[in-house]
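Below is one structure, written out as structure tokens, with a few remarks after it.
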Amino acid sequence: MLNHRLFALIIKEATELLRNRQLVIFLTIAPIISMVIFGYVLNSNVANLRLSILDQNQVAISRELVDAFTANHVFLANRYPHSQQDLTQQVEHGQADAGLIIPSSFSRDLLETGKSEVAVVIDGINAYTSGLAKGYVTAITTQFNLDLLQQVQPLSTPLNIPVRSQITFRYNPGMLDSWFFVPGVIGVIMTLSAILAAAVEAVREKDQGTLEQLLMTPVASTAILISKIVPISALLTVTLLMCFVAARWAFQLPFRGNLLLLLFFSILYISIGVAIGLAISTFSKNKLQTILVGIFLNIPIILLGGAITAVNSMPLLFRWIAQINPLYHYLVILRSILLKGAGLEVWWFHAIAMLVFATVTLLVSANRYRNQLG
Amino acid sequence: MIMRRIRNQFFKELEQFQRDRLGVALAFILPVIALLIIGFAIRLEAKNIPLVVRDLDQSTLSRSYIEQLYATNLFVPAEWQGVRFPDAIDRGTAQVQVTIPPGFAADVNAGRTGEVLVVIDGSDVINARVTQLAVDGVTLSAVQRALGEGQLGELEQFAIVAQVRLWFNPGRQESLFIVPGSYGVILAIFPPLLIAIALVREKEQGTILQLYASSLSAVELLLGKSLAYMLVGLGEAVLLFIVGLLLFGVRFIGDPIPLVIGTLIFLFTGVQLGLIIGIFTTTQSAAVQAIGTIKVLTAFLLAGFLFPLNSVPFPFSVASYLVPVRYYIELCRDVFVRGSGWFGTWYLIVAMVLLGIAEFGIAWWGMRRMQLSS
């Protein structure tokens, strides 16, 4: 009897949800399109930095150095100024990201003293890019020095490189950015959609006063709550599955671990999002407040969850705060299953954290919801 | 006459907005909290990457290599008690493992090549890339040192040194990059959200029909509403700039006029998009999802807020040029960090003006269509 009523309620909520065509489109098609776009766009590598080159020496060796700078697409030869002032101005005005100045005494110094200096200026506004670029500059010049040594070394005693590091990238040998960012974007989209859809839909009922009508009927408040959570979660689960298929197809994203666990924790995460959304709706007085808080809450959840930035680089306080961010735990699990093929024995801690979250958020929103009804 | 109608519409809109006191407070407090979280928490420069080292050589050379690794300030020693060494990455307890095989120092001293084996967790590309560069750097400096003091004494010469200077932000202070960017992100989200909600609410309540019936033209209606929410957005902007100055020390450099004009135009483009979403969606839940998908995602991911857009592949790079936030973020970084004045910013403002006009056209067309249909 109870189950029958619950079922009827769920059907009612589901039809209402599906009737809102635009919302359904924004919960299904839009996420997939955005995932594909951001999968291609997001890239943490530094490439094609516009390099302004001032070669005042203009000899074979200085040209070789310029070639070494632009050989591997980190830098892109962009401008050839005539004076140091020109170069300075180009970097200052943002027309170039970096500048390379080879002085006229470059080759002479090198031959006479064995040492020579070139100047590199980098637009340092972005601490991340400029740090990487600086590393590349060091790597390029050191490599160039070694090549130079090998050239002048007599053939009888070939030069041996004394130290070499052999680097292997596990799980992502091609260092594809999309393999890291696509799971992150999927997590972000699920967070946004679940929280906002649940919050706004729940508060709509409050505004329209249809909640009172529900109260007259002999259904338990828990049943009302479940009937709110299930349809949105189900719709988002369908979206999530389509996202996985699209990611597999567009980015060859590997699915190395247990797919059932992946599905279980994904559904769990969506329910957490929906529960948070419902909780927001019970705390605010009207729609505007619900929406503002809902959108606002997404900012820290998304930016501090490790979706697009590395959590380990954040200050200590925020690394602790990340522990109470459900997205953080979900992303660890998602990436572990997809990329590493790791099982529960590796990420059990995050699994427990998510279960705790699900319990707490569902209890809080159930409790708030019941009080609101009563 | 027209001016008066626009003004009336403007005051009516503000009057309606300020009626919900808590809503108004949230509209100003939430952006500031968002700025604080973003400014204090987000760090793009990698730190605290867990590293495990297995030094099987135990020589002076191997120890100095390890010291150099830690001297990059990127790594923290990972705890791996009870975990067998090769599993540290699989277990997720470390992201990098470095093995120095026995005989490393002997190989180097004998003029052979000593190898260092490095395994990096490639599932986190951001950390992996920085790690790769750091390991390469440490190895290359080990090479230079070994060449200098070892086998090839006289060939220590032929060293080209690149003097790298980071401009505008020599201390690589991250707030100088993140805070101006977050002005763009936050102002891209909140004002459009407010106007979209307001418009859809009028549609849902049916009060917009009264406006259609009045002699107010579509242009007057749009301008009146736009100006009201631009004023709200301007208030938010000023508040953000003040907090950014007081807490993060981000101050104007050079000419503030491009910032004032740019901010107004940027708010106009944002508010127009809010209007477009409000016009084309029929329910608040759809409008909020649209803002969530279009504004939040593009501002975070498609506007160069965190990662540079230099390496975005072709069809997707076009998309990023259609996002006004992209230009505004660049403008803010220029005004607050680089300070190149009109010369480096005029084209950003022109781009935003063009996008704003296009958006206003779409909003006007949509509004006309809506008025005719009802």
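For chain A, the tally of Lys pairs with Cα-Cα distances below 14 Å comes to 4, considering only residues 8 or more apart or on different chains. In chain B, Rg over Rh equals 1.14, where Rg is the alpha-carbon radius of gyration and Rh the Kirkwood radius from pairwise Cα distances.
Here the sum of -39500 (n - 2.57) over DSSP H runs of 4 or more residues, divided by the residues of chain B, equals -21000 deg cm²/dmol at 222 nm, to the nearest 500. For A:A220 and A:Y80, the difference between the fully extended length at 0.36 nm per residue and the C-alpha to C-alpha distance is 42.9 nm. Among complete DSSP H helices in chain A, those whose alpha-carbon atoms stretch at least 30 Å along the helix's long axis and whose mean Kyte-Doolittle hydropathy reaches 1.6 are A:221-251, A:259-283. For the protein assembly as shown, give the percent of accessible area contributed by carbon and sulfur heavy atoms, probe 1.4 Å, rounded to a whole number. That fraction is 63 percent. Taking all protein chains as they are arranged and a probe of 1.4 Å, the heavy atoms of A:K287 leave approximately 20 Å² accessible to solvent. When the accessible areas of B alone and A alone are added and the area of the pair subtracted, with a 1.4 Å probe, the result is around 11400 Å², both sides summed. Centroid-to-centroid, using Cα positions, segment A:256-284 and segment A:339-371 are 8 Å apart. Principal semi-axes of the equivalent ellipsoid, √(5λ) from the alpha carbon gyration tensor of chain A, are 57, 22, 17 Å from largest down. When the residues A:V185, A:V293 are ordered by accessible surface, computed with a 1.4 Å probe over the protein chains alone, the sequence from largest down reads A:V293, A:V185. When B:S373, A:S271 are compared by accessible area at a 1.4 angstrom probe, the order from most to least is B:S373, A:S271.
Using the Cβ-Cβ distance between B:L245 and A:D147 with R0 = 45 Å, the FRET efficiency computed as 1/(1 + (r/R0)^6) comes to roughly 0.35.
Counting only heavy atoms of the protein chains and using a 1.4 Å probe, A:F318 has close to 30 Å² of accessible surface. Rounded to the nearest 0.05, the FRET efficiency derived from the C-beta distance between B:T207 and B:F28 at R0 = 22 Å is 0.30. Hey, what angle do you get for helix B:342-373 against the long axis of chain B, alpha-carbon based, 0 to 90 degrees rounded to 10? Helix B:342-373 sits at roughly 40 degrees to that axis. In this label model, A:I11 and B:L36 are separated by 5.0 nm, measuring between points 7 Å along each Cα→Cβ vector. Restricting to lysines 8 or more places apart or on different chains, can you count the pairs in chain B with Cα atoms under 30 Å from each other? Lysine pairs, 8 or more places apart or on different chains, close enough: 6.
Shown is the FRET efficiency for B:V161 and B:R7, computed with R0 = 60 Å from the Cβ-Cβ distance and rounded to the nearest 0.05: 0.35.
Taking the DSSP beta bridges with both ends in the protein assembly as shown, the antiparallel portion is around 20 percent.
For B:M370, the solvent-accessible surface with a 1.4 Å probe is about 30 Å², rounded to the nearest 10. For the set B:E67, A:E64, A:E201, the ranking by accessible area, highest first and with no ligand, DNA or RNA atoms included, is B:E67, A:E64, A:E201 under a 1.4 Å probe. Annotation for B:W346 and A:I29: the two label points, set 7 Å from Cα along the Cα-Cβ direction, are 4.3 nm apart. The spacing between segment A:1-46 and segment B:323-374, judged by their C-alpha centroids, is 31 Å. B:T93 sits among other residues whose Cβ lies under 10 Å from its own Cβ, and their net charge, with Lys and Arg +1 and Asp and Glu -1, is -2. Maximal additional length on extending the B:N73-B:L322 stretch stands at 85.7 nm, based on 0.36 nm per residue less the C-alpha distance.
Considering only alpha-carbon pairs that sit under 8 angstrom and 6 or more positions apart, the relative contact order computed for segment A:49-152 is 30 percent.
Between A:L363 and B:R63, the simple label model (points 7 Å from Cα in the Cβ direction) yields a spacing of 5.3 nm. Each residue of the protein assembly as shown gets 164 Å³ once the volume of the Cα convex hull is shared out per residue.
The values are calculated or read from the model by the stated rules, or taken from the named source; none is laboratory data. In this text the structure is predicted, and so the values were computed from the model without any measurement. Glycine also receives a Cβ, built like all others from the backbone with ideal geometry; neighbour counts cover every protein chain displayed. Accessible surface is based on the protein model in full, side chains and every heavy atom, while ligands, DNA and RNA are left aside. Shrake-Rupley method; radii C 1.70, N 1.55, O 1.52, S 1.80 Å.
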